[in-house]
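Structure first, commentary second.
The values are calculated or read from the model by the stated rules, or taken from the named source; none is laboratory data. Given the structure is predicted, the values throughout are model-derived calculations rather than measurements. Quick reminder, even Gly has a Cβ in these numbers, built from the backbone with ideal geometry, and neighbours come from all protein chains shown.
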Amino acid sequence: MKKLRIAIVSAIEHTTPYNIGRERSICMPIEIANRVCEGMVAKGHQVTLFATKGSKTKGKLITNDLIPISDSKELKKIYNENKLRFKKSIDRSFWYETIGTAQLHAGVFHRTYTMEMQYLMSEAFYQAKQGKFDLIHILHSPEHAIPFSRLVKTPVVITLHDQFKFPRTLIFNYYKKQPNLYYVSISKDQRQPMPHLQYGGTVYNGTDIKNFVFSEKKGKYLFTAGRIIPKKGFHLAIAASLKSGVPLKFAGNIGSNTDRNYYDQKLKPFLNNRIQYLGTLSHKVIAPYFRNAQAFLFPIKWEEPFGLVMIEAMACGTPVIAFNHGSVPEVVKDGVTGFIVNNVEEMVEAIKKVDQIDRRKCREHVEKNFSVEKMIDNYEKVYYKLAKKHSR
């Protein structure tokens with residue numbers, strides 16, 4: 001089959017791939033862009049990555065001389081001039097502190113991001129108009145890319161990472177009849193608010209399984225991880241731990257002042273030798289906590305499109321006990337790789353019977369459905385389908 005000429009547009013917060021040392025990745029679109037880009041190159045496709053300076057790829061890199069937003073001297077200056085007005089974030093993340101500061105300064109961050117993102121995207125579409133690509137894949141900021149789609153005949157694929165929310169939904173509806181514009185959902189549930197859009201397929205996010213070593217031996221504690229925000233339900237995980245009598249460890253980054261208040265008021269008062277906050281952990285450091293847990297708790301309070309931590313836990317053999325929201329029923333096989341519950345009381349009951357779960361089946365479920373290789377294969381199928389449709 002003929003190899004494709006593919007343009008992949010990543011985000012500009014950081015380099016692609018994203019690596020800031022000790023911290024676990026907090027920008028999934030960048031991580032997926034990197035995995036898809038390198039996977040397509042390995043398959044022999046001609047890939048051009050549009051990303052910031054400092055990014056790395058085995059394909060062709062175009063940066064338009066843009067530096068990552070997180071390295072912006074102008075935004076750092078704003079932060080340094082006003083940092084005394086704001087509390088330091090617990091994990092001392094410049095990125096979050098900068099956003100928090102910039103948003104309070106007449107939206108300077110958003111204006112900067114919009115201009116630079118559109119500048120990079122316009123280059124991809126300009127080259128597409130010259131006939132250099134068979135397909136453009138946008139991994140971030142769909143609202144900035146969608147208006148450009150009407151300027152080319154090349155199929156444009158946009159991966160949706162977030163919920164559909166106003167005002168972003170406006171632009172989806174404005175261009176809903178654009179014939180060369182396609183969306184890829186990361187779960188079937190994600191489509192529910194806007195089923196009328198033109199979808200190219202559903203492609204589940206994949207994890208690099210070799211980073212998560214399997215273990216048949218269960219641990220003696222519960223584990224949960226993610227951004228420390230209310231809708232992730234960390235306070236509910238604590239409640240389940242207290243009621244079940246099983247210790248809990250949790251990890252994640254604390255960003256804005258609102259998130260920090262949530263931590264201070266709802267989580268910190270319960271910390272002791274049985275309920276432990278581990279801070280923000282790198283991929284390498286966090287993997288053993290997944291692997292050695294008795295169960296991974298996912299008590300989310302929102303319709304999360306996809307929860308990568310669930311597949312990371314199952315890749316280690318650790319069963320997942322999750323609230324029935326969003327993509328959970330598509331990721332967890334109830335009674336096979338964990339349990340799907342509706343409240344803390346049901347979560348406590350599930351903890352009592354988690355030993356019934358075969359940890360090997362958890363691993364096999366991820367290998368079959370949620371590996372990086374599976375994700376890349378599925379994107380390639382979408383690419384070929386749409387490229388063929390528009391080559392007629």
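Among residues that are of a type in the set (S, T, N, Q), under 23 Å from the mean Cα position of the chain (by Cα), surrounded by fewer than 19 Cβ atoms within 10 Å (Cβ to Cβ) and at pLDDT 95 or above, N369 is included. Confirm whether N261 is surrounded by 18 or more Cβ atoms within 10 Å (Cβ to Cβ), polar (S, T, N, Q) and either more than 20 Å from M314 (Cβ to Cβ) or in contact (Cβ under 8 Å) with a residue 60 or more places away in the chain (or both). For N261, the condition - surrounded by 18 or more Cβ atoms within 10 Å (Cβ to Cβ), polar (S, T, N, Q) and either more than 20 Å from M314 (Cβ to Cβ) or in contact (Cβ under 8 Å) with a residue 60 or more places away in the chain (or both) - is not met.
Against the list (1) under 18 Å from the mean Cα position of the chain (by Cα); (2) crowded, with 22+ Cβ neighbours inside 10 Å, the condition F223 fails is (1).
Would you confirm whether or not the stretch 246-256 contains a residue that is on the phi < 0 side of the Ramachandran plot, touching a Gly at 6+ places or on another chain (Cβ under 6 Å) and not basic (K, R)? Spell out the reasoning first.
To start, the set of residues in the stretch 246-256 that are on the phi < 0 side of the Ramachandran plot comprises 246-251, 253-256.
Going one step further and asking which of them are touching a Gly at 6+ places or on another chain (Cβ under 6 Å), we end up with 256.
With not basic (K, R) added as a condition, the list becomes 256.
So far as the stretch 246-256 goes, yes, one or more of its residues are on the phi < 0 side of the Ramachandran plot, touching a Gly at 6+ places or on another chain (Cβ under 6 Å) and not basic (K, R).
Which of the residues belonging to the stretch 1-13 are of a type outside the set (V, I, T) and either crowded, with 24+ Cβ neighbours inside 10 Å or modelled with pLDDT of 95 or more (or both)? Walk me through it before giving the result.
Going through the stretch 1-13, the residues of a type outside the set (V, I, T) turn out to be 1-5, 7, 10-11, 13.
Selection gives K3, L4, R5, A7, S10, A11.
With respect to C37, is the statement that it is in the same structural domain as I138 (by TED's automatic domain parsing), within 23 Å of the chain's Cα centre (by Cα), buried (at least 17 other Cβ atoms within 10 Å of the Cβ) and modelled with pLDDT of 95 or more true? First the steps, then the outcome.
Working: in the same structural domain as I138 (by TED's automatic domain parsing): yes; within 23 Å of the chain's Cα centre (by Cα): yes; buried (at least 17 other Cβ atoms within 10 Å of the Cβ): yes; modelled with pLDDT of 95 or more: yes.
Taking the combined requirement at face value, the residue satisfies it.
Can you find even one residue in the stretch 106-117 that is surrounded by 14 or more Cβ atoms within 10 Å (Cβ to Cβ) and either over 24 Å from the mean Cα position of the chain (by Cα) or modelled with pLDDT under 65 (or both)?
Residues of the stretch 106-117 surrounded by 14 or more Cβ atoms within 10 Å (Cβ to Cβ): 108-109, 112-114, 116-117.
Next, only the ones that are either over 24 Å from the mean Cα position of the chain (by Cα) or modelled with pLDDT under 65 (or both) stay: 108.
Yes, because at least one residue in the stretch 106-117 is surrounded by 14 or more Cβ atoms within 10 Å (Cβ to Cβ) and either over 24 Å from the mean Cα position of the chain (by Cα) or modelled with pLDDT under 65 (or both).
The residues on offer are Y384, Y379, and the sole one that is aromatic (F, W, Y), in contact with a His (Cβ under 9 Å, 6 or more places away or on another chain), farther than 23 Å from G233 by Cα and at pLDDT 95 or above is Y379.
Of all residues in the stretch 333-373, those satisfying the criterion of being hydrophobic (A, V, I, L, M, F, W, C) and touching a residue at least 24 places away in the same chain (Cβ under 8 Å) are V336, V344, M347, V348, A350, I351, V354, I357, C362, V366, F370, V372. Within the stretch 145-189, the set of residues being free of Cβ contacts under 8 Å to residues at least 24 places away in the same chain and in a loop (DSSP other than H, G, I, E, B) comprises K165, F166, P167, K176, K177, P179.
Can you go through F306, F323 and tell me which one is in contact with a Pro (Cβ under 8 Å, 6 or more places away or on another chain), aromatic (F, W, Y) and either surrounded by fewer than 22 Cβ atoms within 10 Å (Cβ to Cβ) or within 20 Å of Q190 (Cα to Cα) (or both)?
Working: F306 fails: in contact with a Pro (Cβ under 8 Å, 6 or more places away or on another chain).
Just a single option satisfies the conditions, and that option is F323.
Every listed requirement among (1) within 19 Å of A313 (Cβ to Cβ); (2) part of a loop (DSSP other than H, G, I, E, B); (3) modelled with pLDDT of 95 or more is met by L197 save one, (1).
Only residues that are at pLDDT below 95 and surrounded by 15 or more Cβ atoms within 10 Å (Cβ to Cβ) were counted across the stretch 57-70, and they come to 6.
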